[in-house]
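In what follows, a single structure is set out as structure tokens and then discussed.
No lab work stands behind these numbers, since they all come straight from the coordinates. Keep in mind the model is a prediction, meaning the values are calculated, not measured. With ideal geometry, Cβ positions are generated from the backbone for all residues, glycine too; neighbour counts draw on all protein chains shown.
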Amino acid sequence: MGIHVRACFATFIVVFLVSGCSTPKKSCPPTNIGTWIAAGEKEVYVGDDLFVYINGGAEIYHEYGFVEVAVQRYVRGEDSISVEIYSMDGDAFGIYSFARSSSGYAVKLGNGGTSADYYLHFWSGPELAVITAESEFDDLGAAVLEIGTAVAGCLRSGGVEPDLLDYLPIEDRVPGSEVYFTGRLAFLNVARPAAPLFSGFTDGAAAVDESGEQIVVLRWFDEVTVDEAFQEARRLCEASGGVVVENENGGGVEFELGGVRIQASSSDDLITLRVRRENP
């Protein structure tokens, strides 16, 4: 009898914890926010329904682990703002880093946010929030931030930035230029000149420094797969009419392809690329 009770109690704890991790703290997005009134019912797009909602670009969200998106529009007289809450199957930093504006400024919402012009991106746990002003009005910036703050209060908490970001150089790095990715499609969008040469990585991170040079760090399973990736990159570069220059001091390889110079070096299970166009 005692064993049965303990087993049931343990099962209850597991169910409670799992459901608690997957449920927002309260109704999200909220029905009304200050003087902003929800217009119509909240729309939810799950799985492949995202292709109906987004005309192009849904593939990227799926590559980052898309689960569903909740969409709510708010109005205040003739002014309107939309809220999108994307739920992912893991931490949402990756899709946040990809979707945010590279020219925005940082805001303290959730685990981090970026505001630019008429929209705002921020992430918390497995969720990415996108707040967009759909019309121009005098207090646009303040209104977007007001709604963003209310939405931040109902998102799931938790999440950490990927450890791979720690391998990006800090000196001269442009703040907010960091992008984390786990798939080839995002890699192609983030670092197009280098993407045709490297595949098979587990995840990657990229950033830009003050000189305009892009730094990319790719992670493989082990040193053996790193060596195989280098060999394949050499082959692909030469097959595409590029030039491969071996560093005589054992400091890596330089690829010259299509007016782009890529310096590549490895350490353990990582390959670091420095990408620069010859004629920017």
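Work out the charge dipole of the chain with +1 on the Cβ of Lys and Arg and -1 on the Cβ of Asp and Glu about the Cα centre, then indicate which of 132, 60, 151 is farthest towards its positive end.
Checking the options against the dipole of the chain, the answer is 151.
Build a GNM of the chain with springs between Cα atoms under 10 Å: which of 41, 68, 59 gets the top mean-square fluctuation?
41
Quick one: net charge of residue 122's neighbours, Cβ under 11 Å, K/R +1, D/E -1?
Net charge in that neighbourhood comes out at +1.
Using the C-alpha gyration tensor of the chain, what are the square roots of 5 times its eigenvalues, in whole angstrom, with the largest one first?
The three semi-axes for the chain are 39, 27, 16 Å.
Most mobile of 179, 130, 253 per a Gaussian network model of the chain (Cα springs, under 10 Å)?
Sorting by GNM fluctuation, first place goes to 253.
Loop-only check: which trypsin sites (Lys or Arg not before Pro) in segment 62-153 are DSSP coil with at most 11 other Cβ within 10 angstrom?
Sparse-neighbourhood loop trypsin sites (Lys or Arg not before Pro): 108.
Please tell me the relative contact order of the chain in percent, rounded to the nearest whole number, where contacts are Cα pairs under 8 Å and at least six residues apart.
RCO, the chain: 12 percent.
List the GluC sites (Glu not before Pro) in segment 120-159 that DSSP assigns to loop (not H, G, I, E or B) and whose Cβ has at most 11 other Cβ atoms within 10 Å. Which are they?
Filter output for segment 120-159: 136.
Given a cut-off of under 8 Å on Cα pairs at least six residues apart, what relative contact order in percent is computed for segment 89-146?
Over segment 89-146, the number comes to 29 percent.
Hey, if you put +1 on the Cβ of every Lys and Arg and -1 on every Asp and Glu Cβ in the chain, which of 218, 239, 44 ends up farthest toward the positive end of that dipole?
My answer, from the dipole projection, is 44.
Could you tally the net charge around residue 70, taking each other residue with its Cβ under 10 Å from the Cβ of residue 70, Lys/Arg +1 and Asp/Glu -1?
Residues close to residue 70 contribute a combined charge of -3.
Using the Cα centre as the reference, give the magnitude of the dipole from point charges on the C-beta atoms of the chain (Lys, Arg: +1; Asp, Glu: -1; all else neutral), rounded to the nearest 20 debye.
Roughly 820 debye for the chain.
Would you mind computing the Rg to Rh ratio of segment 21-87 from its alpha-carbon coordinates, Kirkwood style for Rh?
1.02
Add +1 for every Lys or Arg and -1 for every Asp or Glu among the other residues with Cβ under 13 Å from the Cβ of residue 49, and state the total.
My count for the surroundings of residue 49 gives -3.
Using Cβ counts within 10 Å as a stand-in for footprinting exposure, how do 266, 124 rank, fewest first?
Ascending number of Cβ neighbours within 10 Å: 266, 124.
Select from 141, 212, 251 the residue whose mean-square fluctuation is largest in a Gaussian network model of the chain (Cα-Cα springs shorter than 10 Å).
251
I'm checking a number: the convex hull volume of the Cα atoms of segment 163-277, normalised per residue, in Å³. What is it?
Dividing the Cα hull volume of segment 163-277 by its residues yields 102 Å³.
GluC sites (Glu not before Pro), restricted to segment 220-280: which are DSSP loop and have at most 14 other Cβ atoms within 10 Å?
Listed in order of number, the matching sites are 248, 278.
I'd like the orientation of helix 140-152 relative to the chain: the angle between its Cα long axis and the longest Cα principal axis, in ° from 0 to 90, rounded to 10.
It is inclined by approximately 80 degrees.
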